[in-house]
1. Can you name the residue in the stretch 146-200 that is within 23 Å of Ser254 (Cβ to Cβ) and of a type in the set (Gly, Ala, Ser) and, of all such residues, is farthest from the ligand (Cβ to nearest atom)?
2. Which residues, taken from the stretch 1-33, are hydrophobic (A, V, I, L, M, F, W, C), away from the ligand (no atom under 16 Å from the Cβ) and over 28 Å from Ala78 (Cα atoms)?
3. Counting only residues that are over 22 Å from the mean Cα position of the chain (by Cα) and farther than 24 Å from Val135 by Cβ, how many does the stretch 67-92 have?
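Bear in mind these aren't lab numbers, they're just calculated from the coordinates by the rules spelled out. All of these numbers come straight from a predicted model, not from anything done at the bench. Every residue, glycine among them, receives a Cβ derived from its backbone with ideal geometry; neighbour counts consider all protein chains shown.
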Amino acid sequence: MRGIAAVHGSPQPRFVDHPAPRDPGPGEVLCQTLELGICGTDREILHAAEPILPQGDDYLVLGHECLARVEAIGPAPAGSERAPLADGSTRPLEVGDLVVPLVRRAVEPRPERVDFLPFGTYRERGIVAAHGFSVPWWLDRPEYLFRVPRALAPWAVLTEPLAVAEKGINEALVLQQARLGPETWVQRPPRTLVTGPGPIGFAGVLAAVVRGWPTTLYGRDPADSSRAQLARDLGAAYLPASEANFQPDDLQASGYDLVLECTGSEGVLINAARATRASGVIVWLGSSRRPEPTANDLAYIVRDGLLRNHIHLGCVNAAPRDFVDALTHLDQLRQSMPGQLERLVTARVTPDESLWHYEHREPQGIKVVLVYDGV
Ligand SMILES: [Zn+2]
């Protein structure tokens, strides 16, 4: 069967002939890909031209943002109960159920949370040393699958990217409430700045507005662009770079409590940190695999961070908690903002048409989704 893969020495995606999965064994589930999101991580893997390959293979099948349908279920493992699903549900999967897979899995069972494991102790499907989901069928285990309510099917491909933003917010909340008290950001919602109008930026906007937090999206797009309009329609303010003032006269009045930094740009990070109030949190959600440092004014981050008790929080991957939040919030958003979530999917293409999108971004594009035959 055909998969979309990254190989060493080339920044270009290619179709590969990948072995079809066998029938599911004990404790396994056969899934059929229905929809697959493309994101900056896929493009970074390709651009770097040195994918981390599964052992014994000379290519990495891409794809980690997946909506799938259960096609077949293997027998229960001998002598043990069926494992609960990744969402904690003990109701067994059934053929026809819709699912979203967890991306990261520990190589060996470990006590730590899987999203906090150090590099080398985990695999990530479609990213690190494990094949992804850009194939028609794949095997998995229920403990790595989240069941998706049928009403959420049109938007469930957004679950994984939304879960990444949910983790950023959840971790910021855990730290703030531990150091400032359990009511922090509950009584007085944090003024939130999201930088970068790409897929993770919009995921950050969704995760903040669904909590009722006052949210601003910053970007280089002009104020009359379609992404700026979408940010406003989602309930956020849009701040174009041309109008941004990151050194307000009254920081406590117009600064931010939480920054979700999604650009990976040193300059944007430094500016956003300067506009962050006392006790604020700056979450790093965007980066390049091959950063090009620019010897910027990092001393501002040190001075302001120290004087204002800032937290700078690096954040990658998502825990099962964050996937569950993402699914809950997608359900709330589809009901509270009818017609808006689908605007985040700016292109739906067939796998045949998809290779160009793995190397390029469309102007004003947000999320490109591959649609497979099984829909
Ligand atoms: Zn992604």
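1. Checked the stretch 146-200; the qualifying residue farthest from the ligand (Cβ to nearest atom) is Ala172.
2. Within the stretch 1-33, Met1, Ala5, Val7, Phe15, Val16 qualify.
3. Count: 12.
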